[in-house]
Amino acid sequence: MAPKLVLTYFDIPGAAEPIRWALEQSGQEWEDKRLTGEEFGVVKPSLPNGQLPVLEVDGYTLPQSMTILRYVGKLGGLHPSDDLEAAKCDAVLDAAVDFYINVRPAYTEKDQAKQLEMFGDLAVNYIPKWLANVEKQLAATEGIYFAEKMSVADIMITTRLKTLRDGNYNGVPTTIFDSSYPNLNALYDSIVGEPKIAAFIAKHDK
């Protein structure tokens, strides 16, 4: 019997978006619970790490977005069963974490002028290198996906690429993810073109 899944996060893409896409793509039944800042303040003391997202699995509260994503992937057939393929998948997930670690300080900066400067530096000195490295990693697989078939790694990277294409970072041009990354573009088009994911994006993109 499939577990009862309730994913709780804010009403933004953020750290929960790849989990949401994976749940939709794998066809699992789940509840998409979205909190306001005020509601989060009420439940924060009861959360394992005082953070979101969390996934309730038959009443058990599972924290940490990457742990949740891997669990959801395994549950829904989106995390490879072969050890080497799983390692390839996890390496790509770690690359996505690297992106988050490097971008987060600028994203959370309150001073707009300083934020613009920080993102400008990232646009020159970090993001193109990150894109090139992930492009190289994908090219080495000689396929459209990072592993033998679509996995949470493909979904995770695509959500990162979408933040660039959507212009989510003040001072980072949307053209930074351009045609010079053919493998990543093919991956992006494939993932956002999946009917279940496309329907979810159409419903929730603001």
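The values are calculated or read from the model by the stated rules, or taken from the named source; none is laboratory data. Computed from a predicted structure; not experimentally measured. A quick note on method: Cβ atoms are made from the backbone with ideal geometry, for glycine too, and the neighbour counts reach across all protein chains shown.
Just checking, does the range 48-71 include any residue being farther than 25 Å from A147 by Cα and assigned to a helix (DSSP H, G or I)? No, that holds for no residue.
Of all the criteria given as (1) in a helix (DSSP H, G or I); (2) buried (at least 17 other Cβ atoms within 10 Å of the Cβ); (3) in contact with a Gly (Cβ under 9 Å, 6 or more places away or on another chain), the one not satisfied by I157 is (3). From the residues in the range 87-110 that are within 20 Å of L69 (Cα to Cα) and either more than 17 Å from the chain's Cα centre (by Cα) or among the basic types (K, R) (or both), which one is surrounded by the most Cβ atoms within 10 Å (Cβ to Cβ)? Ranking the qualifying residues of the range 87-110, first place goes to K88.
Taking (1) out of contact with any Leu (no Cβ under 6 Å at 6 or more places or on another chain); (2) in a helix (DSSP H, G or I); (3) at pLDDT 95 or above; (4) not aliphatic (A, V, I, L, M) in turn, E85 satisfies each apart from (3). Of the candidates E24, E56, E29, the single residue that is in contact with a helix residue (DSSP H, G or I) (Cβ under 7 Å, 6 or more places away or on another chain), touching a residue at least 24 places away in the same chain (Cβ under 8 Å) and not hydrophobic (A, V, I, L, M, F, W, C) is E24. Across the range 25-48, a minimum of one residue is classified as closer than 19 Å to H79 by Cα and under 14 Å from the mean Cα position of the chain (by Cα). The condition (being within 28 Å of V172 (Cβ to Cβ) and either surrounded by 11 or more Cβ atoms within 10 Å (Cβ to Cβ) or assigned by TED's automatic domain parsing to the domain that holds T159 (or both)) is satisfied by just one residue among L55, L62, L69, L75: L69.
For A113, the conditions (1) surrounded by 13 or more Cβ atoms within 10 Å (Cβ to Cβ); (2) modelled with pLDDT of 95 or more are fulfilled apart from (1). When the range 29-45 is filtered for residues that are more than 19 Å from K4 (Cβ to Cβ) and in a helix (DSSP H, G or I), the ones remaining, listed by number, are G37, E38, E39, F40, G41, V42, K44, P45. Taking the conditions (1) surrounded by 13 or more Cβ atoms within 10 Å (Cβ to Cβ); (2) small (G, A, S); (3) part of a loop (DSSP other than H, G, I, E, B) in turn, S180 satisfies each one other than (1).
For the range 88-110, which positions are aliphatic (A, V, I, L, M) and either under 30 Å from T141 (Cα atoms) or modelled with pLDDT under 95 (or both)? Across the range 88-110, the qualifying residues are A91, V92, L93, A95, A96, V97, I101, V103.
Of all the criteria given as (1) assigned to a loop (DSSP other than H, G, I, E, B); (2) among the aliphatic types (A, V, I, L, M); (3) touching a Phe, Trp or Tyr at 6+ places or on another chain (Cβ under 8 Å); (4) within 19 Å of K88 (Cβ to Cβ), the one not satisfied by M150 is (3). When P18, P63 are checked against the criterion of being in contact with a Ser or Thr (Cβ under 7 Å, 6 or more places away or on another chain) and within 21 Å of I155 (Cβ to Cβ), a single residue qualifies: P18.
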